[in-house]
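A quick write-up on the structure given underneath.
Values in this text are rule-based calculations from the coordinates and carry no lab data. Given the structure is predicted, the values throughout are model-derived calculations rather than measurements. Note: ideal-geometry Cβ built from the backbone for every residue, glycine included; neighbour counts use all protein chains shown.
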Amino acid sequence: MRYALALALLALLVSAGGAGAQERRMKIFISADMEGVAGVVTGEQLGPAGFEYQRFREFMTQEVLAACEGAFAAGATEIVVADAHGNGQNLLIEKLPKSVTVVRAWPRPLMMMQGLDETFDGAIFLGYHTGTTNMRGVRAHTISSARLTDVQLNGRSVPEAGINAAIAGHFGVPVIMVSGDDAAVAETQALLGDVVGATVKWAYGFHSARTLTPEAAQELIRSKAAAAVARVKEFKPYKVQTPVRLDIRFKNYRPAEVLSYLPIVERTDAHAVRFQGRDMVEVSKFIEFVIYYEPGLEP
Ligand SMILES: [Zn+2]
């Protein structure tokens, strides 16, 4: 009830701030990962084989719900959520409100940003984590912890937040908020500048953190999402220069070797390939292909 009251007051403040603003459509996109959800520290929380997964997909869902509540209270009229972790089937969709639609499972051309287009006003990254070149952060990795050791756009190493912000930027959509551990929030803000941060845990290492409880994290995310959406017009899209040069470094040798058979791919050293995309949509499709293609795909 406490939240309900706070949200009602917030909604009142927001609507009082802009006469007629509640008439306008405002679309918010949420890309929901899981490593940066409060309490997540190891693989035990992150996939169906882990002993805590069923509880933590509930916590992930509640963090998404909290962000939706905050966004709606601040004027959002429509929200698309991309389930962007693991199998892409983590969120308990029956727990989300009717004005939300959910993007599920893989592969998909825009990866963690599938569902986004130029009609959105802002994007929120929930449960995010640091990139694989960062020395800090719970479960620091970029796209595939097992397979990739670096992803660069135009010569700069980027975490998932950077790749996804650049995809959003292609559509002119700014990233307005990020949640995760302290290292992920700091990394995202260092790259993108003005982005509202919700720190739900403090990393001690790859598999350890001091964390907020789910209830406290949800309260924080609800209020930060409302604050971000209330000033959605102030954020700037993150645009990378086109054409986009993508460099991918693999942990292993053979992916670079075999990908270099393709005339569109340049092998830059034993473990790395380069691809030049016309824009971030081409780059996203190329990354998704590299991660998902194998000739045994069925059906
Ligand atoms: Zn994830």
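Quick notes
- Sequence-distant aspartates and glutamates (8 or more away, or on other chains) whose Cα lies within less than 14 Å of Lys98: Glu69, Glu78
- Sequence ranges 61-70, 272-281, ranked by mean other-Cβ count within 10 angstrom, highest first: 61-70, 272-281
- Per-residue ellipticity at 222 nm from helix content only, as computed over the chain with -39500 (n - 2.57) for each DSSP H run of at least four residues, stands at -10000 deg cm²/dmol.
- Less than 5 angstrom separates the built amide H of Lys251 from those of Leu148, Thr149, all sequence-distant by 5 or more or on a different chain.
- Put a dot 7 Å past the Cα of Asp117, heading toward its Cβ, do the same for Asn87, and the two dots end up 3.0 nm apart.
- Taking amide H as placed 1.01 Å from N in the peptide plane, the amide H of Gly39 sits under 5 Å from that of Leu212, each at least 5 places away or on another chain.
- Amide H partners (placed H, <5 Å) of Ala209, local residues excluded: Tyr204
- Tensor-based shape of segment 54-124 (alpha-carbon gyration tensor, a/c under 1.5 rounded, otherwise prolate or oblate): oblate
- Cα gyration tensor shape of segment 122-203, rounded if a/c is under 1.5, else prolate or oblate by comparing a/b with b/c: oblate
- Arg136-Arg254 pseudo-label distance in nm [points 7 Å out on the Cα-to-Cβ vector]: 3.9
- Helix 160-170 vs. the chain, principal-axis angle (Cα, 0 to 90°, nearest 10): 80
- Karplus-derived 3J(HN,Hα) values for segment 261-274, using 6.51 cos²θ - 1.76 cosθ + 1.60 with θ = phi - 60°, are 5, 6, x, 7, 10, 10, 8, 8, 6, 3, 10, 10, 10, 10 Hz; glycine and proline are entered as x.
- Using alpha-carbon coordinates, inclination of helix 182-192 to the longest axis of the chain, degrees: 80
- Computed about its Cα centre, the charge dipole of the chain is approximately 300 debye, with only Lys, Arg, Asp and Glu carrying charge at their Cβ.
- Most simply put, segment 154-245 has about 45% antiparallel DSSP beta bridges, counting only bridges with both residues inside it.
- Phe51, Phe120 arranged by Cβ crowding within 10 Å, fewest neighbours leading: Phe51, Phe120
- All lysines inside 17 Å of Lys236 as judged from Cα atoms, apart from same-chain residues fewer than 8 positions distant: Lys27
- Straight-distance candidates among the lysines for linking to Lys201, with alpha-carbon spacing under 23 Å and chain neighbours fewer than 8 residues away dropped: Lys224.
- Considering only Thr42, Gly155, Trp202, the residue lying farthest towards the positive end of the dipole of the chain is Gly155, judged by Cα position with unit charges set on Cβ.
- Karplus-derived 3J(HN,Hα) values for segment 97-114, using 6.51 cos²θ - 1.76 cosθ + 1.60 with θ = phi - 60°, are x, 5, 7, 10, 10, 10, 8, 10, 6, 10, x, 7, x, 9, 6, 6, 10, 4 Hz; glycine and proline are entered as x.
- For segment 69-75, Karplus couplings with θ = phi - 60° (6.51, -1.76, 1.60), whole Hz, Gly/Pro x: 4, x, 5, 4, 4, 8, x
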